[in-house]
Amino acid sequence: MKLGKVSFKRSSTFRKYFMSIFASVLIVLFVLGLSLLVFIANFWKDTNVELLTENVKKLSITASEYFELDDESEYINDPTIMLAYSLSLVSNSIDSELFICDLDGNVILCKDIINTINPTESKAFCEKHAGTKFPKNMIERAAKGNYQIAGEIPELEQDFALVAGEPIFVDGNVIGVIIGAQSGLDSMYPYVTSIFKLFLVSTLFAFAAAFISVYVVTYSITKPLRKMSQITKEYATGDFSKRIEIKGNNELAELGNAMNSMAQSLSALEYSRRSFVANVSHELKTPMTTIGGFIDGILDGTIPADEAEKYLKIVSNEVKRLARLVSSMLNLSKIEAGELSLNLKKVDISALIFNTLLSFEQLINNKSIDITGLDTMDSLHLNADEGLINQVIYNLIDNAVKFTPDSGYIDVRAEQNSNHTTITITNSGAGIPADEIGRIFERFYKVDKSRGLDTKSTGLGLYIVKSIVEMHGGTVSASSELGKYTRFRFTLPNV
């Protein structure tokens, strides 16, 4: 047995598998990177909002304490300086803008005021935020406490910012609010960029590993397919000698086994076909030569007139043999084309057996064959196609007579129960080898000619028997013991 050898080529199948798997890897990496960006952005936002809120709450408490100082303070009559320093310190530490606003939204204090305060004066002024006024709805929500928002802040000229707000209480009353704002894009960009750079470096190594892995996996998947494709092309040319090497126990291995089994069947079928053509040619040529020779002999006077009847009988037998051959081939063609339909009617199977045996009476007497089992056979009826079942019985009895030696026996039995009728035909003789008994119902198959007596058979008779029985919903089987007997049994449903 030869194994197919195929040179490696980048087939379209390889490219499709490689590109599809590699594209899947790229999509996974892209989705992973996008998910990481979203996760990092949300993590940064949540962390910074929490930090900003915490500092704003602490400053609101501090501001409340400063505003509660009386006018006799030792340091200054106005808490502006202390609050300004606190705003500046906290703002710079968390990279944010902190504002103390009144309930109308006007900015009272910010971190930039610290640069304009004169220690000898109690008032300060910030030109940068002098005209800044936060929306009333923002001030109202901040006055209620725990105010957080992420979005556009036009008052600070920022497209995206994190904002937190807390009220300032004096004697239990809200006198103002503290607004904390942190630029989202300016602060988030360096953080996200640094982490994403690490991801890109890792992705580069993962990309290289994925490329190699996908290449190896794709090659291992498509290699058997390429071999199968090449070997299939050789099958198409009629060379069924090559087989696919099977490795593993997966779907490709199952496909390989199926193709090897197919090749084995096609090889056997091709051998049977060639044998069939040779046999049919011989079957047609021999009787036609005989017929032609005898008729020409009668016409030209080579055969005397008193012997013409003898040779005409031989010609008649040869014509009948040709008719049976043609009939078998026509039935085979109809069966395979699904054109043979059943004409069911009530049939006396016992009568068919008796009549068929009578047609072989001369051959049976010439070989001194003993027929047994008929004396116990009752009249049995079932619904079947009389013509087709008659052919089944004829073919089986024909085989039995042909292979039974002189002075041998043929035993015919018929049994019937409420559902089925079983006919058994057994003949003495050389029998069929165990390694061939399972194939005798195959189309064109013939038992080894070196051990057989049927050198002129076309190998169609038993195949037709099996096809007709199965068309009736029945079963047929064979058994044999070398040197003793061969037995055929077929079962048909009664209705």
(request) Might you let me know whether segment 328-335 holds any residue that is modelled with pLDDT under 80 and under 30 Å from residue 370 (Cβ atoms)? (result) yes
(message) Against the conditions (1) open to solvent by less than 60 Å² (accessible area, probe 1.4 Å); (2) hydroxyl-bearing (Ser, Thr, Tyr); (3) within 30 Å of residue 363 (Cα to Cα), where does residue 222 fall short? Just the number, please.
(response) (3)
(message) Considering only segment 238-254, I want to know if a residue exists there that is of a type in the set (Phe, Trp, Tyr) and open to solvent by 60 Å² or more (accessible area, probe 1.4 Å).
(response) no
(message) Quick check on my filter: what residues within segment 33-44 are surrounded by fewer than 13 Cβ atoms within 10 Å (Cβ to Cβ) and among the aliphatic types (A, V, I, L, M)?
(response) 34, 38
(request) Only helices (runs of 4 or more DSSP H) wholly contained in segment 296-405 count here; list those with 2 or more residues that are in contact with a Ser or Thr (Cβ under 9 Å, 6 or more places away or on another chain) and open to solvent by 30 Å² or more (accessible area, probe 1.4 Å). (result) 308-337, 386-403
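Residue-by-condition table, conditions (1) of a type in the set (D, E, K, R); (2) in contact (Cβ under 8 Å) with a residue 60 or more places away in the chain:
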{"site": "274", "(1), (2)": "yes, no"}
{"site": "298", "(1), (2)": "no, no"}
{"site": "305", "(1), (2)": "no, no"}
{"site": "308", "(1), (2)": "no, no"}
{"site": "335", "(1), (2)": "no, yes"}
{"site": "358", "(1), (2)": "no, no"}
(request) Select from segment 135-154 the residues that are hydrophobic (A, V, I, L, M, F, W, C) and more than 14 Å from residue 178 (Cβ to Cβ) and list them in ascending order. (result) 149, 150, 153
(request) May I ask you to verify whether residue 272 is at pLDDT below 80, among the polar types (S, T, N, Q), open to solvent by less than 80 Å² (accessible area, probe 1.4 Å) and within 46 Å of the chain's Cα centre (by Cα)? (result) yes
(message) Any residue in segment 225-241 that is in a loop (DSSP other than H, G, I, E, B) sitting within a Cβ distance under 6 Å of a residue that is at pLDDT below 75 and open to solvent by 60 Å² or more (accessible area, probe 1.4 Å)? List the pairs, counting only those 6 or more apart or interchain.
(response) 241/2
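The values are calculated or read from the model by the stated rules, or taken from the named source; none is laboratory data. Since the structure is predicted, the reported quantities are computational estimates derived from the model, not experimental observations. Don't worry about glycine lacking a Cβ; one is built from the backbone with ideal geometry, like all the others, and counts go over all protein chains shown. When the accessible area is computed, the model is the full protein with side chains, heavy atoms only, and any ligands, DNA or RNA have been set aside. Shrake-Rupley method; radii C 1.70, N 1.55, O 1.52, S 1.80 Å.
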